[in-house]
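Step one of this worksheet: look at the structure below.
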Amino acid sequence: MSADLPQSFSNVILPLLPPLSLGALLGFAAGYAVKFVGRIALIVAGLLFVAVQLLAYFDLVSVNWLRLETISSPLLQNGPQNAWKWLTGVLTLNLPFSGAFVGGLLLGLRRR
């Protein structure tokens, strides 16, 4: 009976190794890229905000903040539910690959 255990265990694990390893590798790469691009995007957004504020300070432009709030409010209110529904659908499609991808993504995001 104990001789059958390694045989059945390897029959279950071996087919899962390619999607697990590929998922972990791609997840790590995506996490590292998101972290790198995210930093650049935040710097650009911050500089853009400072530039708009400087232009508004010198009366070169006028920003209608109430109109901007009206436009962005529906997107910000309904966005998390739709994003979560989409994310859970994507992550549960191919579970071994997705689990390894998320693990690799988290490692990539923690990489310095």
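Please find, within region 58-92, the residue that is modelled with the highest pLDDT out of those that are surrounded by 10 or more Cβ atoms within 10 Å (Cβ to Cβ) and not in a helix (DSSP H, G or I). Of everything passing the filter in region 58-92, Val61 is modelled with the highest pLDDT. Contact annotation: residue pairs with Cβ atoms under 8 Å, 6 or more positions apart or on different chains, pairing a residue in region 92-111 that is closer than 22 Å to Pro15 by Cα with a partner that is surrounded by fewer than 13 Cβ atoms within 10 Å (Cβ to Cβ) and of a type outside the set (Asp, Glu), are Ser98/Val90; Ser98/Thr92.
Quick check: is even one residue across region 14-26 of a type outside the set (A, V, I, L, M), out of contact with any Lys or Arg (no Cβ under 9 Å at 6 or more places or on another chain) and either exposed (fewer than 10 other Cβ atoms within 10 Å of the Cβ) or more than 25 Å from Ser98 (Cβ to Cβ) (or both)?
There is no residue in region 14-26 that is of a type outside the set (A, V, I, L, M), out of contact with any Lys or Arg (no Cβ under 9 Å at 6 or more places or on another chain) and either exposed (fewer than 10 other Cβ atoms within 10 Å of the Cβ) or more than 25 Å from Ser98 (Cβ to Cβ) (or both).
The values are calculated or read from the model by the stated rules, or taken from the named source; none is laboratory data. Here the structure is a predicted model, which is why all the values come from computation and not from measurement. Virtual Cβ from ideal backbone geometry, glycine too; neighbours counted across all protein chains shown.
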